[in-house]
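Asks: Structure incoming, see below.
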Amino acid sequence: MNGAVDGAVSAPASAADVAAYTPVCALDRLPREAGVCALVDGHAVAVFRTHDDEVFALGNYDPFSRASVLARGIVGTRGDVPFVASPMHKQGFDLRTGQCLDDAAVRVPTYDVAVRDGTVLVGPARESPGEGP
Amino acid sequence: MSPHLRRTLVVVGHGMVGHRFVQAAIERGLTETHDVVVVGEEPRPAYDRVALTSFFEVGAEALSFLPTGEYDDPRVRLLLGTTVEEVDPAARTLRLSDGGELAYDELVLATGAAPFVPPVPGHDLPGCFVYRTIEDLEAIREAAAGARTGAVVGGGLLGLEAANALHGLGLETHVVEMAPRLMPVQVDDAGGATLARHVEALGLRLHTGVATKAVVERDGRAAGLDLGDASDGLSVGADVVVFSAGIRPRDALARAAGLDVAERGGVLVDEQCRTSDPHVWAVGECAVPGGRMYGLVAPGYAMAEVVVDALLGGAGAFTGADMSTKLKLMGVDVASFGDAFATTDGALELVLADAVAGVYKKLVVSEDGRRLLGGILVGDASAYGVLRPMVSSGIELPDNPEELILPASRGGGAEVALPDEAQVCSCNDVSKADIVAAAACDGTTRAGATCGSCKPLVKRVIEEYYASQGRTVDRSLCEHFAMTRQELFDAVAVHGHTSFDEVVAAHGTGRGCDVCKPTVASVLASQLGRHVLGGGRAVLQDTNDAYLANIQRNGTYSVVPRVPGGEITPDGLIVIGEVARDFGLYTKITGGQRIDLFGARLEQLPDIWRRLVDAGFESGHAYGKSLRTVKSCVGSTWCRYGVQDSVRMAIDLELRYRGLRSPHKLKGGVSGCARECAEARAKDFGIIATEKGWNLYVGGNGGATPAHARLLAGDLDDETLVRYLDRFLLYYIRTADRLQRTAPWIDSLDGGLDRVREVVVDDALGLGSELEAAMARHVTGYRDEWRDTLEDPDKLARFVSFVNAPDVPDPHIGFRAERGQQVPAEPDGPVVLGSAIPVGVPR
Ligand SMILES: Cc1cc2nc3c(=O)[nH]c(=O)nc-3n(C[C@H](O)[C@H](O)[C@H](O)COP(=O)(O)OP(=O)(O)OC[C@H]3O[C@@H](n4cnc5c(N)ncnc54)[C@H](O)[C@@H]3O)c2cc1C
Ligand code: SF4
Ligand code: FES
């Protein structure tokens, strides 16, 4: 579900799997500690890059505000958790698991993501979000 | 109750207490059953007499308790400039100076007191004055304009205040006091001596233990005071003489009507403040409950409440009052409270005198040393706030009571926990429990609203309460920065940081969050004056700042072009209308006199801006924590009442401060005359035209915690106005907490508005030119953020719906129609493009 920039991959995905992923943009288009929204198989997916160049993907839809906005949130850390704050009402979401940090009952979908040759690729939604590396 | 059963209540005197009486009558519902007629002799509605001296700085308007000239309650009628000449208690009628008559059911005398003028020869010469009303001060100011010397007869609390004022008007000033020391009623000999040293050091000439024999005359005017036997010829020159030798209750009406009066003057009243006639009441300085005169406003307020209560059938009683006083004269603190002269049997005195520091402090404690009975503080009255309530509540003293008055550097500064019933604000009789109860529901009390001396204690009580509730008064920004916004601001300035990475590496931990990142961005923007989206700073911004528009509930944005001062041409209106029509935007007029265009999708923003920018518009910064608008009325250009060009001033100010990043949004307003149609006093900075220039008000806030702006300085010319505003805004930007608006910021400063005035007007910190220079940099560095974005392909690249499908609208965004415009229609859950048809058709 997350990929480090070229090389230091922390969640290795097989080459065959990655070949089926959707390329969404050049890594350059994704600034550190920011997100972009990508269209992946009809789904709005928020792709984030952290300070230490890990890349994560969550559903862009914010279940609290019912708007498609998470990619526009501020990225940072809560404790050791890399997170995004919804730009609407500031609920935090763990970038690794999609778990809402302010409401244990809420979780948004996560997607496989990889970076190959400077391109960010998004794979399928993970079945059971949250089983991190 | 049907109208013919309504009763008539007449109040004689619209001074401080008369006004409080009417306020209480309205608040407690007395006007449901009574029509209230207030007859006031002075030409203007009640004003803050306690703050009379500030008239010289801020003018009459700022002192007014009723700037609009009327109460909100239509059942209260004010007859100003009218004197009651006679009362007939048998017929229950009054005769007025305009020849009219009034009938009453209940009569409240609130006629106050008049200065006592000793009948020395020459006391009524031109050039002799008293110090009681705004008219008195106007006359004194006029006389001082052509004078060189002045003298005040009377070295009491008011006399010193008057002397200070004469000194401030540029006169060489003498103070003549018959008693052997200054402020004989409040301080003892040693305290008086300390006070005298302070007062002399400030340039006043003192003559204590000296009686005034006569006013010396020259050319039919006062020219000096004769202070001794003609033989020794002791006299002082004085072109202006002010008598401040005590006050006498104004009891003439009551006396003539046959009501009981005290031997030494004053209308005698019982505990309910009822006179010897059951339908006549007396409150304030004209009344002497139990024969005792109280020359302070707080007891008068208490009496007013008691009478309202009695008229409502209550049993409230006035049983005496705290006579504590605290004043600050030219920076010299003087306070006297409780049994200051140790008249209680066996009372002990604990004295700290430091002639070098000019401090004299005395505590009067009970024989067993357990209770504080009173005290005197001269030179440093910082302990007053804690000590006075200790007297009224009788709480036990700590083991080493001297620690209460020792300077902190010598082991002092002891903190004492106040009991709940301790009266914290004596002016308004507010206890610690009242304050805590109000704080618990985020409310406020009247504490601090009158003389202000209790404010530091009020603040402490509130902070202690919050701390006890675990609502930490920890002012850390967030988990990443253990510092306040101000500390961060200073750190950034000192170290010259230009990026969040530098700031967090040097002063923080972790990688930041939605709290600290926008704060750092705002601080950097204030200091760097560069584009908010440049240099990687876009990622620090809240979405509104990051996309230069305001996010709305469905993830679309609203767009507000700047309309400076609310002035717009027909062509400008047409362009905005065409843009809205072409992009299908919902339009609404804002409270800030401009037009908000709603429903723009992220990817549409650049196209919308381009159209607007091409037509000469720019960003209105409706999104940022920054200057929003400067609202104006039409002013002297059109309005028949206008005295200044409020529109031009509003435009100038809006263009000057546009783009200024601040701890919270900032709004301004300019009205062309005192009618205040622009509602400027509801703004962070409000400007109201006067005949002579502009009055500058600060700290007005709308929103959930409304606050009226208060006068910072009056009758300013354009240039001074702008200079003060530059300083005020930057002082706020540099020192306020995150998301702290101007009103709470001012309250949080030690000294409140006075502190702001010291820094902004008096330039007490010597920061003035630095702040002005910083503002000048802002003004020259300003660039329209929309235009900059349009010109920069890198910045523009972010304005897409999908990074890999920039032209495909996000299917989550839908609209429906309402009253002929489109409004958001939210989906029930995530929408998958292709599998569902979005609601409505985004254009
Ligand atoms: C310079 C100065 C500084 C002061 N500082 C302090 C301080 O620090 N703390 C403090 O507690 N107190 C202070 N005082 C005292 C305080 O101002 C008074 O206690 C307070 O104003 C009393 O209120 P009042 O309504 O009884 O009288 P006033 O405020 O004097 O009001 C009486 C009103 O009645 C009117 N009136 C009188 N007779 C008639 C009539 N027949 N018909 C119609 N109208 C009539 C008068 O014109 C006047 O407007 C100060 C006073 C002065 C002058
Ligand atoms: S504030 Fe004065 S000048 Fe402005 S519109 Fe109102 S009446 Fe006219
Ligand atoms: S003690 Fe004067 S306002 Fe509180």
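The values are calculated or read from the model by the stated rules, or taken from the named source; none is laboratory data. The structure presented is a predicted model; accordingly, all values stated were derived computationally and were not measured. So basically every Cβ, Gly included, is an ideal-geometry build from the backbone, and we count neighbours across all protein chains shown. Accessible surface is based on the protein model in full, side chains and every heavy atom, while ligands, DNA and RNA are left aside. Shrake-Rupley method; radii C 1.70, N 1.55, O 1.52, S 1.80 Å.
Asks: Quick one: which residue in B:VAL210, B:VAL199, B:VAL216 is outside the structural domain of B:GLY375 (by TED's automatic domain parsing) and either part of a strand (DSSP E or B) or closer than 30 Å to B:HIS14 by Cα (or both)? Show your work before the answer.
Replies: On the way: B:VAL210 fails: either part of a strand (DSSP E or B) or closer than 30 Å to B:HIS14 by Cα (or both); B:VAL199 fails: either part of a strand (DSSP E or B) or closer than 30 Å to B:HIS14 by Cα (or both).
Testing whether each residue is outside the structural domain of B:GLY375 (by TED's automatic domain parsing) and either part of a strand (DSSP E or B) or closer than 30 Å to B:HIS14 by Cα (or both) leaves just B:VAL216.
Asks: Quick check, is B:GLU101 open to solvent by less than 40 Å² (accessible area, probe 1.4 Å) and among the charged types (D, E, K, R)? Break it down stepwise before answering.
Replies: Values: open to solvent by less than 40 Å² (accessible area, probe 1.4 Å): no; among the charged types (D, E, K, R): yes.
Answer is no for this residue.
Asks: Separate question: Quick check on B:SER626: is it under 30 Å from B:MET483 (Cβ atoms), open to solvent by less than 10 Å² (accessible area, probe 1.4 Å) and over 18 Å from the mean Cα position of the chain (by Cα)? Talk me through it step by step, then tell me what you get.
Replies: Values: under 30 Å from B:MET483 (Cβ atoms): yes; open to solvent by less than 10 Å² (accessible area, probe 1.4 Å): yes; over 18 Å from the mean Cα position of the chain (by Cα): yes.
Yes.
Asks: Can you tell me which residues in the stretch B:680-720 are free of Cβ contacts under 8 Å to residues at least 60 places away in the same chain, more than 20 Å from B:PHE55 (Cβ to Cβ) and in a helix (DSSP H, G or I)?
Replies: Hits for the stretch B:680-720 are B:ALA680, B:ALA682, B:GLU719.
Asks: Determine if the stretch B:764-783 includes at least one residue that is away from chain A (no Cβ under 13 Å) and among the acidic types (Asp, Glu). If you could, list the steps in order and put the result at the bottom.
Replies: At the first step, the residues of the stretch B:764-783 found to be away from chain A (no Cβ under 13 Å) are B:764-783.
Still in the list and also among the acidic types (Asp, Glu): B:770, B:772.
Within the stretch B:764-783 (the criterion being away from chain A (no Cβ under 13 Å) and among the acidic types (Asp, Glu)), the answer is yes, since at least one residue qualifies.
Asks: Same structure again: If I filter the stretch B:601-617 for residues that are under 32 Å from the mean Cα position of the chain (by Cα) and surrounded by fewer than 23 Cβ atoms within 10 Å (Cβ to Cβ), do I get at least one hit? Spell out how you get there, then give the answer.
Replies: The first filter runs over the stretch B:601-617 and keeps only residues under 32 Å from the mean Cα position of the chain (by Cα), leaving none.
No, the stretch B:601-617 contains no residue that is under 32 Å from the mean Cα position of the chain (by Cα) and surrounded by fewer than 23 Cβ atoms within 10 Å (Cβ to Cβ).
Asks: To continue, here is another question. Given the condition part of a strand (DSSP E or B) and within 16 Å of ligand 1 (Cβ to nearest atom), answer yes or no: does some residue in the stretch B:61-71 qualify? Even if it seems obvious, please write down each step before you answer.
Replies: Looking only at the stretch B:61-71, we keep the residues that are part of a strand (DSSP E or B), and these are B:64.
Restricting the remaining residues to those that are within 16 Å of ligand 1 (Cβ to nearest atom) gives B:64.
Scanning the stretch B:61-71 turns up at least one residue that is part of a strand (DSSP E or B) and within 16 Å of ligand 1 (Cβ to nearest atom).
Asks: While we're on this one: Is there a residue in the stretch B:548-571 that is closer than 21 Å to B:GLY781 by Cα and open to solvent by 40 Å² or more (accessible area, probe 1.4 Å)?
Replies: No, there is no match, as no residue in the stretch B:548-571 is closer than 21 Å to B:GLY781 by Cα and open to solvent by 40 Å² or more (accessible area, probe 1.4 Å).
Asks: Take the conditions under 30 Å from B:MET303 (Cβ atoms), of a type outside the set (A, V, I, L, M, F, W, C), within 40 Å of the chain's Cα centre (by Cα) and within 16 Å of ligand 1 (Cβ to nearest atom) and apply them to B:ARG248. Does it pass? Steps first, answer last, please.
Replies: Numbers: under 30 Å from B:MET303 (Cβ atoms): yes; of a type outside the set (A, V, I, L, M, F, W, C): yes; within 40 Å of the chain's Cα centre (by Cα): yes; within 16 Å of ligand 1 (Cβ to nearest atom): yes.
Answer is yes for this residue.
Asks: Give the residue, chosen from B:ASP726, B:ASP737, B:ASP762, that is open to solvent by 30 Å² or more (accessible area, probe 1.4 Å) and over 26 Å from B:VAL515 (Cα atoms).
Replies: Details: B:ASP726 fails: open to solvent by 30 Å² or more (accessible area, probe 1.4 Å); B:ASP737 fails: over 26 Å from B:VAL515 (Cα atoms).
Step by step, each of B:ASP726, B:ASP737, B:ASP762 is checked, and only B:ASP762 is open to solvent by 30 Å² or more (accessible area, probe 1.4 Å) and over 26 Å from B:VAL515 (Cα atoms).
Asks: In the stretch A:44-84, what residues are surrounded by fewer than 24 Cβ atoms within 10 Å (Cβ to Cβ), under 13 Å from the mean Cα position of the chain (by Cα) and over 19 Å from A:ARG126 (Cα atoms)?
Replies: Result: A:THR50, A:ASP53.
Asks: Here's a check for you: in the stretch A:13-40, which residue that is at the interface with chain B (Cβ under 8 Å from one of its Cβ atoms) and of a type in the set (D, E, K, R) is surrounded by the fewest Cβ atoms within 10 Å (Cβ to Cβ)?
Replies: Applying the filter and picking the extreme gives A:ARG32.
Asks: Taking B:ARG787 and the conditions (1) loosely packed, with under 14 Cβ neighbours inside 10 Å; (2) more than 14 Å from chain A (Cβ to nearest Cβ), which numbered condition does it fall short on, given that it satisfies the others?
Replies: Here B:ARG787 meets the rest and fails (1).
Asks: Limited to the stretch B:321-374, what total is found for residues that are over 35 Å from the mean Cα position of the chain (by Cα) and among the acidic types (Asp, Glu)?
Replies: 4
Asks: Let me ask something else. Go through the stretch B:659-675 residue by residue and tally those that are modelled with pLDDT of 95 or more and among the charged types (D, E, K, R).
Replies: Residues flagged as modelled with pLDDT of 95 or more and among the charged types (D, E, K, R) within the stretch B:659-675 amount to 1.
Asks: Grab the helices (runs of 4 or more DSSP H) fully contained in the stretch B:744-816, keeping just those with 3 or more residues being within 30 Å of B:PRO706 (Cβ to Cβ). Before the answer, list the steps.
Replies: Numbers: elements: B:752-760, B:768-781, B:785-790, B:793-796.
Hits in the stretch B:744-816: B:752-760, B:768-781.
Asks: Inside the stretch B:102-137, can you point out the residues that are under 39 Å from the mean Cα position of the chain (by Cα) and without any contact (Cβ under 8 Å) to a residue 24 or more places away in the chain?
Replies: Answer for the stretch B:102-137, where residues must be under 39 Å from the mean Cα position of the chain (by Cα) and without any contact (Cβ under 8 Å) to a residue 24 or more places away in the chain: B:ASP124, B:ASP136.
Asks: Among the residues of the stretch B:264-288, how many are without any contact (Cβ under 8 Å) to a residue 60 or more places away in the chain, open to solvent by 10 Å² or more (accessible area, probe 1.4 Å) and not β-branched (Val, Ile, Thr)? Spell out how you get there, then give the answer.
Replies: Initial filter on the stretch B:264-288 (without any contact (Cβ under 8 Å) to a residue 60 or more places away in the chain): B:264-266, B:268-274, B:276, B:278, B:288.
Add one more test, that the residue is open to solvent by 10 Å² or more (accessible area, probe 1.4 Å), and what stays is B:264-265, B:268-272, B:274, B:276, B:278.
Imposing the further condition that a residue be not β-branched (Val, Ile, Thr) reduces the set to B:264-265, B:268, B:270-272, B:274, B:276, B:278.
Final tally of qualifying residues: 9.
Asks: For A:PHE48, are the conditions met, namely being out of contact with any Gly (no Cβ under 9 Å at 6 or more places or on another chain) and more than 8 Å from chain B (Cβ to nearest Cβ)? Before you say what the answer is, go through the steps one by one.
Replies: Values: out of contact with any Gly (no Cβ under 9 Å at 6 or more places or on another chain): no; more than 8 Å from chain B (Cβ to nearest Cβ): yes.
Considered against the rule, which asks whether it is out of contact with any Gly (no Cβ under 9 Å at 6 or more places or on another chain) and more than 8 Å from chain B (Cβ to nearest Cβ), A:PHE48 comes out as no.
Asks: With B:VAL306, B:VAL334 as the choices, which residue is closer than 24 Å to B:ALA254 by Cβ and outside any loop (DSSP other than H, G, I, E, B)? Walk me through how you get there before you give the answer.
Replies: Numbers: B:VAL334 fails: closer than 24 Å to B:ALA254 by Cβ.
When all the criteria are applied, what remains is B:VAL306.
Asks: Report, by residue number, each residue of the stretch A:81-103 that is within 8 Å of another protein chain (Cβ to nearest Cβ) and part of a loop (DSSP other than H, G, I, E, B).
Replies: Scanning the stretch A:81-103 gives A:PRO87, A:MET88, A:LYS90.
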